[in-house]
Amino acid sequence: MSATHYDVLIVGGGHAGAQAAVALRQEKFEGSIAILGAEPHPPYERPPLSKEYLSGSKPFERILIRPETFWAERGISLVLGETVESVDPVARSVRTRSGRSIDYGELIWATGGEPRRLTCAGHDLAGIHAVRTRADVDRMLGELAEAERIVVIGGGYIGLEASAALTKFGKSVTLIEAQDRVLARVAGEPLSRFYEAEHRAHGVTLMLGVGISCIEGEDRVTGVRLNDSALLPADMVIVGIGIIPAVEPLVLAGAEAGNGVVVDGYCRTSLPHIRAIGDCAAHANRYADGAMIRLESVQNANDQAVTAARDIVGRPVPYDAVPWFWSNQYDLKLQTVGLSTGHDAAVLRGYPAARNFSVVYLRQGKVIAIDAVNAVKDYVQGRALVQAGATIAPEILADAGRPLKDLLSA
C-alpha cells in the first residue's frame, strides 16, 4: 500500500488540532494539511459535552468548531475514524491502526488524553460512563430514561457539570469526591464551599472524603460500594477523575515525556519535525512559577496551536499566554484567569450569598489567579493583575466597590 503524504499532518481532531489547521492557513501556509481524528465526526467543541450537549440545550451541529464545509473550502483534509499506532521520526511517517501509512513533512501531535478509568472490581460493567467524546455522552443519554439513581465519581469540573446537567432530568444524583472538598485541585476553599452549597440546594447529594471499594452488579452496575462498606444503589455511574495523556506512540518513538510529552516554548518535542500541543503537551509555564505542567483548557489548545503554526511557517513566537478557564453550572458562570496552585492567601471579593463574587489568589503578596462567579468585570479586568503579578494589599482587593482595573495603576 503506497503512503499518502501531507506537508503538515495533525494527529487529533479536537480544539488543538482544528485550531492548528486554521492557524496555518491564517499564516498563509500553502502546503497540504490533514487532520487525522479518531472519531468519525469533524472537529467539535468538547466543553459542551458535560454541559449544554448533555442537558440537551445544544444539538451537535451547534458545537462544531467550524461548519462541515469549512475544511474542504480551506484545502484541509479530514482523515476520520483513524488512530495512529506508531510514529517513525526518521522516515517521517505514521502508521494507523487500520494499517494505513501516512508520510508528513511536519507532524503536530494534538491527541489530548483518554479518560482515567476506575481500576477496582466491577470497573468494566455496563452503565459506567466517561464524558470525553460525543459517543460517550450519546451512550449515556441512550440509557438515561431507565436510570433514576446516578452516582458521579469525581468532584472536579466534569463531575460537577455532569451533576448539574443531570438534575435537569429529575434524576437522583450523588457525587463522590475522595478529597474533603470539591474542586480541591484547582480552586481555594471559599469557591469549593460555595459550589458544594449550590449543588446541595439543587438536590445533589455530596459525599466528601469518601473512597470507592468496588462497583457492584452482574452484567450491569447496580451499586457503588464505599470504603466503609456502605452501598450506594446506582443505575448509572459517571466517572470524572481526570485524563491520561495520549502520547504512547510518541514515547515509543523516543520523545521525551513525563506527565505528557515534553515541549519547548515553540511546542517542539525532542523529536525533529514533531510538535505537540494541547492537553497532551507538558510545558514550562511562567504562571505556574516555571513548573512543567499540562493545561487542559481551550485557551491552551488554541494558543499552543497558533505557536506551532507560526513556528512551522518560520515566524516563531514563544508561547506565553495567560491561562483561562470557564465552567457553567446551573445559572452560574465561573471564569478563571491564572493558576491558583501554590497560593498562600485567598481574598474574597464580594458576597457568595449574592451569587456574584470573586476569589483573588496571592502568592508571596502577588496576584496569581482570580476565580469570578457571575462577575465578568472582575474576570476581564483582573487579567492584567495576573499578567503583571501585581502586588496589592488584601484589604484593597477585598473592596468590591473598587474596580480591579483601577488597582494596577494604583
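The values are calculated or read from the model by the stated rules, or taken from the named source; none is laboratory data. Since this is a predicted model, take the numbers as computed values, not measurements. For neighbour counting, all protein chains shown are included, and Cβ atoms are generated from backbone atoms with ideal geometry for every residue, glycine included. Areas reflect the complete protein model, heavy atoms only, side chains present, ligands, DNA and RNA absent. Shrake-Rupley method; radii C 1.70, N 1.55, O 1.52, S 1.80 Å.
In table form, for the structure just shown:
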read-out	value
Residue within the stretch 65-88 that is assigned to a strand (DSSP E or B) and of a type in the set (D, E, K, R) present	yes
Members of the stretch 316-341 that are in contact with a strand residue (DSSP E or B) (Cβ under 6 Å, 6 or more places away or on another chain) and small (Gly, Ala, Ser)	327, 338, 340
In the stretch 323-377, the residues that are farther than 26 Å from residue 291 by Cβ and open to solvent by less than 20 Å² (accessible area, probe 1.4 Å)	329, 332, 349, 350, 357, 373, 375
Subset tally (residues that are hydrophobic (A, V, I, L, M, F, W, C) and open to solvent by 50 Å² or more (accessible area, probe 1.4 Å)) for the stretch 386-409	4
Evaluation of residue 304 against (1) at pLDDT below 95; (2) part of a helix (DSSP H, G or I) (one fails), failing number	(1)
Checklist (1) touching a residue at least 60 places away in the same chain (Cβ under 8 Å); (2) within 22 Å of residue 267 (Cα to Cα) applied to residue 53, failing item	(2)
Condition check for residue 66: closer than 17 Å to residue 305 by Cα and surrounded by fewer than 21 Cβ atoms within 10 Å (Cβ to Cβ)	yes
The stretch 106-155, residues that are under 19 Å from the mean Cα position of the chain (by Cα), in a helix (DSSP H, G or I) and crowded, with 21+ Cβ neighbours inside 10 Å	137
Residue under evaluation residue 228, criteria (1) more than 27 Å from the chain's Cα centre (by Cα); (2) at pLDDT 95 or above, criterion not met	(2)
Yes/no for residue 295 being in contact (Cβ under 8 Å) with a residue 24 or more places away in the chain, buried (at least 20 other Cβ atoms within 10 Å of the Cβ) and over 16 Å from residue 188 (Cβ atoms)	yes
Unmet criterion (only one of (1) over 17 Å from residue 243 (Cα atoms); (2) modelled with pLDDT of 95 or more) for residue 168	(2)
Residue that is surrounded by the fewest Cβ atoms within 10 Å (Cβ to Cβ), among those in the stretch 173-214 that are among the small types (Gly, Ala, Ser) and assigned to a helix (DSSP H, G or I)	201
Test: residue in the stretch 280-296 that is of a type outside the set (D, E, K, R), farther than 25 Å from residue 7 by Cβ, in a loop (DSSP other than H, G, I, E, B) and in contact with a Ser or Thr (Cβ under 9 Å, 6 or more places away or on another chain)	yes
Residue list for the stretch 23-46, restricted to those being in contact with a strand residue (DSSP E or B) (Cβ under 8 Å, 6 or more places away or on another chain), closer than 20 Å to residue 277 by Cα and not small (Gly, Ala, Ser)	24, 25, 29, 33, 35, 36, 39, 42, 43, 44, 45
Filter result for residue 30 (in a helix (DSSP H, G or I), among the charged types (D, E, K, R) and surrounded by fewer than 23 Cβ atoms within 10 Å (Cβ to Cβ))	no
Of residues in the stretch 298-320 being open to solvent by less than 40 Å² (accessible area, probe 1.4 Å), more than 16 Å from the chain's Cα centre (by Cα) and of a type outside the set (Val, Ile, Thr), the one nearest to residue 274 (Cα to Cα)	308
Some residue of the stretch 81-103 being under 29 Å from residue 299 (Cβ atoms), among the hydrophobic types (A, V, I, L, M, F, W, C), open to solvent by 70 Å² or more (accessible area, probe 1.4 Å) and out of contact with any Asp or Glu (no Cβ under 7 Å at 6 or more places or on another chain)	no
